[in-house]
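Working notes for the structure below.
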Amino acid sequence: MAGLNIGIILGSTRQGRVSPQVGQWVKEVADRRGDANYEIVDIADYKLPLLGEEDATEQATAWNTKLASLDGFVFIVAEYNHSITGALKNALDYARDSWNNKAAGIVSYGSVGGARAAEHLRGILGELSVADVRIHAALSLFTDFDNGEFKPADLHLTNVNGMLDQVLAWSGALKTLRI
Ligand SMILES: Cc1cc2nc3c(=O)[nH]c(=O)nc-3n(C[C@H](O)[C@H](O)[C@H](O)COP(=O)(O)O)c2cc1C
């Protein structure tokens, strides 16, 4: 649906991370569709300290303002110890209303496609009233990366586009609840 704003959220913040490569690829695939406004949202830019450890009003306001401007999300999910990164969990915890009644898709990566992290994320999204779509692109550290360089197999395009179809449909539908 034209006019929807979809944030592609980079879910890892460590130095040397590969999430920017994955996010950029998703954005290029999405932009070719020409059906929404897609933007990369990098958690690292918001410099969120661990929730509650110090006054972070300014960072929290900036993060919530960005989320509030978005109608839907694509999470770029790295698998750390069979779950999402601490940075992504912290960023999820920093907002509530600005997540609610929106849709999300997942692009994950790991030794088994980041599947375990993706499933953990789905549980968290339920609590935040984010409708996570079924189609999910799961990238392999073994076959879609070459020494840290992201080289996705073409077969993933089908799932990324299918996931985006669902995210746009549900983002448009859920927007009517927020007006
Ligand atoms: C702390 C840590 C834990 C990890 N645990 C897992 C894991 O449980 N399963 C897995 O498939 N990969 C695991 N990995 C490998 C990461 O998926 C891989 O390093 C990936 O590139 C991380 O994403 P990033 O580069 O965007 O940070 C782990 C990496 C780190 C740093």
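FYI, it's all coordinate maths here, none of it is from the lab. Computed from a predicted model, the values in this text were never measured in an experiment. Cβ atoms come from the backbone with ideal geometry, glycine included; neighbour counts cover every protein chain shown.
Of the beta bridges in segment 76-150, as assigned by DSSP with both residues counted there, near 20 percent are antiparallel.
Note on Ser140 and Leu177: the model spin-label points, each 7 Å out from Cα along the C-beta direction, lie 3.7 nm apart. Remark: relative contact order (segment 5-178) = 23 percent; criterion is Cα-Cα distance under 8 angstrom and separation of 6 or more residues. Near Gly113, the amide H atoms lying under 5 Å from its own belong to Leu141; only residues 5 or more places off or on other chains count, and H is placed 1.01 Å from N. Here the Karplus relation 6.51 cos²θ - 1.76 cosθ + 1.60, evaluated at θ = phi - 60°, turns the backbone of segment 47-62 into coupling constants of 6, 7, x, 4, 3, x, 7, 7, 5, 10, 4, 5, 5, 5, 5, 4 Hz, with x for every Gly and Pro.
Label Asn159 and Asp42 with points 7 Å out from Cα along Cα→Cβ: what is the distance between them in nm? Output for this residue pair reads 2.6 nm.
Scaled to the globular estimate 2.2 N^0.38 Å, the Cα spread of the chain, given as radius of gyration, is 0.96. Among bridges DSSP assigns within segment 34-116, what percent are antiparallel (round to 5)? Of all bridge pairs located within segment 34-116, approximately 10 percent are antiparallel. DSSP bridge analysis restricted to the chain gives an antiparallel fraction near 10%, rounded to the nearest 5.
Shape summary: segment 1-107 maps onto an equivalent ellipsoid whose semi-axes, from the alpha-carbon gyration tensor, are 22, 17, 11 Å in decreasing order.
Among the lysines of segment 5-178, pairs that are 8 or more positions apart or on different chains and have alpha carbons within less than 28 Å of each other number 16. Highest GNM mean-square fluctuation among Thr85, Thr57, Thr143, for the chain modelled with Cα contacts below 10 Å: Thr57. Taken over segment 23-83, the convex hull of the Cα atoms encloses 110 Å³ per residue.
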